[in-house]
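Every number in this text was worked out from the coordinates using simple rules, so none of it is lab data. Remember, it's a predicted structure, so these values are computed and weren't measured experimentally. Cβ placement follows ideal geometry from the backbone for every residue including glycine, while neighbour counts extend to all protein chains displayed.
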Amino acid sequence: IHVDGISLVVHVDLPQDHKDYLHRSGRTARAGESGTVVTLSSSKNQRAVSGLLGRAGVTPKFHDVRPLDEKLMVITGAQEPSGVPYIPPVMERKSPGGSRSGGGSRRSGTGAGKSGGYRGGNSRRGR
């Protein structure tokens with residue numbers, strides 16, 4: 001999945017594999033862009049975090065922070081809310097009769113309407 005404009009990735013639940021860490025962190029570096037990756041963990045997990053980041057070839061900067069700590073605000077680029085509500089754009093509805101996206105089949109049952117799938121009922125073979 002590609003999403004434009006990702007400038008901050010925050011790891012709260014650290015992946016077990018360094019390749020997964022790099023994949024998630026790489027969201028900030030698509031198409032030549034740059035960004036910040038923050039990994040939150042407790043101090044008792046610092047050894048595990050250091051090992052994972054070492055295998056990923058990352059040299060981290062460790063900071064001891066608490067919720068609402070100014071250092072955390074600076075690292076993540078946090079800002080006071082603007083007070084202006086976000087209003088999502090109105091999506092145009094497609095005219096009736098067009099293709100339905102995401103609706104899937106109206107038939108029920110496992111594999112209904114698909115070639116080779118289970119269709120239930122009695123077989124018509126061997127009549």
Any chance segment 72-90 includes a residue that's under 22 Å from the mean Cα position of the chain (by Cα) and touching a residue at least 60 places away in the same chain (Cβ under 8 Å)?
yes
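Looking at segment 50-87, which of its residues are surrounded by 10 or more Cβ atoms within 10 Å (Cβ to Cβ) and either touching a Gly at 6+ places or on another chain (Cβ under 7 Å) or assigned to a loop (DSSP other than H, G, I, E, B) (or both)? Break it down into steps so the answer makes sense when it comes.
Restricting attention to segment 50-87, the residues satisfying the condition of being surrounded by 10 or more Cβ atoms within 10 Å (Cβ to Cβ) are 50-56, 58, 60, 62-63, 65, 69, 71-78.
Those that are surrounded by 10 or more Cβ atoms within 10 Å (Cβ to Cβ) and either touching a Gly at 6+ places or on another chain (Cβ under 7 Å) or assigned to a loop (DSSP other than H, G, I, E, B) (or both): ALA56, VAL58, PRO60, PHE62, HIS63, VAL65, ASP69, GLY77, ALA78.
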